[in-house]
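Structure first, commentary second.
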Amino acid sequence: MLVRVSGEFETADIAEIVSGKIKAGVKGIKRTGIVYSREATELEGIEHKTRYTLLPTAVTRYNYFTALMESEIPKSIVEEPRFRSNAYVYIICEAEYANNIKSLMMSYGGMKVRVSDT
């Protein structure tokens, strides 16, 4: 029986890397695909704005130390259609390999990873 394993990733690049690694490392895969969630045109007008990223840097006994990275959003990401926010990866495979694929997706940072019948 074939099942569909799908998960959401933060960027299209991560989704493409995960899809390739799973295809190369797991047997029983029949089809894979990536669905990009936003059009590049929706990102118009974001140039000259600042993007903030919080990074956990160290764990102490009582709290986390974090670093705040600030970077200006370059205009190049608006023109490049591959730079979209979230991307969904789906993999159609045999049911016996679904749990392995789900585990791999979660270990690579997948969110909302689901297994469903096709």
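Here Arg31 fits the description: of a type in the set (D, E, K, R) and either open to solvent by 90 Å² or more (accessible area, probe 1.4 Å) or modelled with pLDDT of 85 or more (or both). The range 53-118 holds strands (runs of 3 or more DSSP E) entirely within its bounds, and those carrying 2 or more residues that are modelled with pLDDT of 80 or more and aliphatic (A, V, I, L, M) map to 87-94, 111-117.
The values are calculated or read from the model by the stated rules, or taken from the named source; none is laboratory data. All of these numbers come straight from a predicted model, not from anything done at the bench. With ligands, DNA and RNA removed, areas are computed over all heavy atoms of the protein, side chains included. Shrake-Rupley method; radii C 1.70, N 1.55, O 1.52, S 1.80 Å.
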